[in-house]
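Beneath this line is the structure, given in structure tokens, with notes to follow.
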Amino acid sequence: MLDWVNYLKELGGRVREIAHLTPDTVKGYQMLSGAGEKTGHLDAKTRELIGLAVSVTTRCDGCITTHVAAALKHGATREEIGEALGVAVALNAGAALVYSARVMDAVAAHQGG
């Protein structure tokens, strides 16, 4: 397993390097990342729990450590995080089921019907 706390620190340094090389890219990301905060429809903890579920479905280690730190900061419990992860697992299973239907459609097309 990773040293998640140190990884988060190292990642921050690398992102700063990218910001130096292409500042508008990082500014654009920051604008997208902060957009949800401005609407006020979801609280910060809920946004971070969603972020964790999406982090799993997109397989992003940097996202995982970033959103874990933020979720805990905003009061998320291990149980809430676990439930969010259950949503991610179900979504991945659902996506596999949907794409399995696409495979069967392709089989039918290749078999002429």
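Taken together, Val56, Val107, Val103, Val15 contain a single residue that is modelled with pLDDT of 95 or more and within 13 Å of the chain's Cα centre (by Cα), which is Val56.
Screening Tyr7 on (1) surrounded by 13 or more Cβ atoms within 10 Å (Cβ to Cβ); (2) within 12 Å of Gly62 (Cα to Cα); (3) free of Cβ contacts under 8 Å to residues at least 24 places away in the same chain shows it passes everything except condition (3). Every condition in (1) under 21 Å from Leu11 (Cα atoms); (2) small (Gly, Ala, Ser); (3) surrounded by 15 or more Cβ atoms within 10 Å (Cβ to Cβ) holds for Ala84 except the one numbered (1).
Among the residues of region 22-76, write down those that are outside any helix (DSSP H, G or I) and not basic (Lys, Arg).
Of everything in region 22-76, those that are outside any helix (DSSP H, G or I) and not basic (Lys, Arg) turn out to be Thr22, Gly40, His41, Leu42, Asp43, Thr58, Cys60, His74, Gly75, Ala76.
The values are calculated or read from the model by the stated rules, or taken from the named source; none is laboratory data. Here the structure is a predicted model, which means the values were calculated and not measured. Note: ideal-geometry Cβ built from the backbone for every residue, glycine included; neighbour counts use all protein chains shown.
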